[in-house]
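What follows is a set of notes on a single structure, which appears directly below.
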Amino acid sequence: MLNAGVVSYSPKLYYLKTKYLIDKEKLRFDELLVFIDISDPMDEIIYKDYEIGKKPDVLYEPSDFVKIKNFLKSISFTYYSLAKLHHRNDPHPLVINNLYEAKVQNYPWTDYYTERKTWTSDSAVLRKWGIKGLKLAKANMENLLHLCNNHSIKMKIVVY
């Protein structure tokens, strides 16, 4: 058994990682369990243009000031604690250091974190994120299924 998952995966990344493990690492297995959740369709939008080995066009390079702050947080518990208190009102800690901090594709990325789990209950959020994300997720899950079928791998989907 191999647990190949990490935080913030999405169907595109499930497909790319599985393809990599099969094609490059020559890993052979009989069954694949894919765990999807409510945030995956929105993550699909973030990873839409991601390709293995290709640097994102909008890679966020932290300023010298941010690098100094991060260094101080790593060596000083007092600084780390004070910084954590100072930032607790931010919508999400990843907004500050996110690789996709720029408004790529004109999406409001700070809204992404606050609306991440509401696309199923809020029709405005569904229109803004959900429809596109679901379409991308479906296509990538179909790619993953075809990959598994081509290699005689049973695929099971777990929704949580």
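The values are calculated or read from the model by the stated rules, or taken from the named source; none is laboratory data. Please read these numbers as outputs of a predicted model, since none were measured by experiment. So basically every Cβ, Gly included, is an ideal-geometry build from the backbone, and we count neighbours across all protein chains shown. These area figures cover heavy atoms from the full protein model, side chains too; ligands, DNA and RNA do not enter into them. Shrake-Rupley method; radii C 1.70, N 1.55, O 1.52, S 1.80 Å.
Some observations on this one:
- Label separation (E31 vs E51): 3.6 nm, computed from points 7 Å beyond Cα along the C-beta direction.
- Candidates per trypsin sites (Lys or Arg not before Pro) in the stretch 118-149, loop by DSSP, up to 10 other Cβ within 10 Å: none
- Annotation: extensible slack from S76 through H146 equals 20.2 nm (criterion: 0.36 nm per residue apart, minus Cα-Cα distance).
- Accessible-area order (highest first, 1.4 angstrom probe) of the listed residues D122, D30, D40: D30, D122, D40
- Accessible surface ranking that places the most exposed of M141, M1 first, with a 1.4 angstrom probe: M1, M141
- For I157, the solvent-accessible surface computed with a 1.4 Å probe is close to 90 Å², ligands and nucleic acids excluded.
- Nearest-0.05 FRET efficiency for L134 and N3, computed from C-beta distance (R0 25 Å): 0.45
- Computed 3J(HN,Hα) for the stretch 122-131, one whole-Hz value per residue from the Karplus formula 6.51 cos²θ - 1.76 cosθ + 1.60 where θ = phi - 60°, is 10, 5, 5, 5, 4, 5, 6, 10, x, 4, glycine and proline marked x.
- With the simple model of a label 7 Å out from the Cα in the direction of the Cβ, D122 to K154 spans 4.1 nm.
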